[in-house]
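Working notes, beginning with the structure itself.
The values are calculated or read from the model by the stated rules, or taken from the named source; none is laboratory data. Computed from a predicted model, the values in this text were never measured in an experiment. Every residue, glycine among them, receives a Cβ derived from its backbone with ideal geometry; neighbour counts consider all protein chains shown.
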Amino acid sequence: MRRLFKLGILLLTYLTMLPTTVLAQPPLPDITAKSAIVIEAATGKVLYEKNADERRYPASTTKAITLITALEYGKLDDIVTASANSASTEGSSLWLSQGEQLKLLDMLYGIMLISGNDATVAVAEHISGSVDNFAKLMTEKAHSIGAVNSNFTNTSGLPSENHYSTAHDLAKITAYGYKNPIFAQIVSTQHKVIPWPGKDHDRDLYNENKMLWLYDGANGVKTGYTDAAGRCLISGAKRNGIQLIAVVLDSERMWNDSINLLDYGFSQLEQVPLINKNDILKTVKINEGKTDDVKLLAATDIAVAMTENDHSKFTTVICAPNKIDAPVSEGQKLGIVKVMYNNVEIARADLVADKSVERKSFFGLLLGSVRGFVNFVIARLA
């Protein structure tokens, strides 16, 4: 408890030292989109929203949950064979031919960089046997993430009455996706060359998401357009360790809207160091050791993105025993420290022993027992 109190004092001291320019409130972004949101990915904190929970057609931004589902249910080295059904899929295309085979990973690049609808069908059929079955997995996954106002009936985002999402749900889905390094790698790729069986050259894929070139720190995610959905975009950007996600649905100027949202989001946040590597966070007693205790050190730094008003929502929880048996090795993991936001874990670091402690010898243990007995007798006689 004393350590948690000290962390709280350090945090409050830091906040009082923040320059007033950081804490100043800039004007709200000018947004043309019918629905929009920008969130901080680790906490899910909403920094700005406009009709963010209104159900809308998501167009090809659907492919963010398609990618997540494929990564969790498929194997990247699997060979996916394009069926006649997948090869004839309407809309944007990877130009698959019936019987063509590609690794699942290459299909996923084709889905996210150039929005290959045909590739989404091929992947769905490979993993689940049909688009319908795969779409059910997509919806189940979305709901488990907390995106409960979404329902998916296809893998591509082509218009369908029961295929819908919200700006907030798409932001939640994307924040979850960024926890997977392969998701982050794919959606941030500007250019990728993948095979084109039967041709004398490879496929040269350039990401349709212009934010990767337009915006400093941009690292994703997916464009989308249909007549029913309008212009849609999920965009991600990371600066100074802060990951933001912006979503615009049915936007007149989706690039400008997204830039304005991200600029506004970054202006609201400051990266605050909460725990430093080698900070002493707890002392643990040692049973039968040559030394009575060891100190537990944070194995890594933890910094969190904070706004001016939500520092009280962050807490730390130390999970470690009060007493352990010898021997102990220096650097041995003996617990963890969790950083919580609104009682939900957003980061953690291992707690490791600051030194090695050998176990007492037999005679040392015997001597300790004798001393303990003598002290007990003296205490009773006093």
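Residue-level check: of (1) in contact with a Leu (Cβ under 7 Å, 6 or more places away or on another chain); (2) surrounded by fewer than 20 Cβ atoms within 10 Å (Cβ to Cβ); (3) within 14 Å of A347 (Cα to Cα), T307 misses just (3). Across the stretch 120-147, the number of residues qualifying as in a helix (DSSP H, G or I) and either closer than 20 Å to L233 by Cα or of a type in the set (V, I, T) (or both) comes to 9.
Candidates in the stretch 48-71 are the residues that are over 12 Å from F134 (Cα atoms) and under 16 Å from the mean Cα position of the chain (by Cα); of these, the one that is surrounded by the most Cβ atoms within 10 Å (Cβ to Cβ) is A64. Taken together, the criteria exclude V294 from residues that are within 29 Å of V46 (Cα to Cα) and surrounded by 18 or more Cβ atoms within 10 Å (Cβ to Cβ). Sub-8 Å Cβ pairs linking a first residue in the stretch 284-310 that is without any contact (Cβ under 8 Å) to a residue 24 or more places away in the chain to a second residue that is among the polar types (S, T, N, Q), at least 6 apart or interchain, are D293/T283, ordered by first then second residue. The residues in the stretch 287-312 that are modelled with pLDDT under 95 and in a loop (DSSP other than H, G, I, E, B) can be counted, and the count is 8. Residue pairs, Cβ under 8 Å, 6 or more apart or interchain, first in the stretch 70-82 and within 18 Å of L94 (Cβ to Cβ), second part of a strand (DSSP E or B) and hydrophobic (A, V, I, L, M, F, W, C). List them. If the second residue must be part of a strand (DSSP E or B) and hydrophobic (A, V, I, L, M, F, W, C), the pairs left are I79/L102; V80/L102; A82/L102.
This table checks each residue for (1) in contact (Cβ under 8 Å) with a residue 60 or more places away in the chain; (2) within 28 Å of the chain's Cα centre (by Cα).
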{"residue": "K323", "(1), (2)": "no, no"}
{"residue": "P327", "(1), (2)": "no, no"}
{"residue": "E330", "(1), (2)": "no, no"}
{"residue": "M340", "(1), (2)": "no, yes"}
{"residue": "A347", "(1), (2)": "yes, yes"}
{"residue": "D350", "(1), (2)": "no, yes"}
{"residue": "V357", "(1), (2)": "yes, no"}
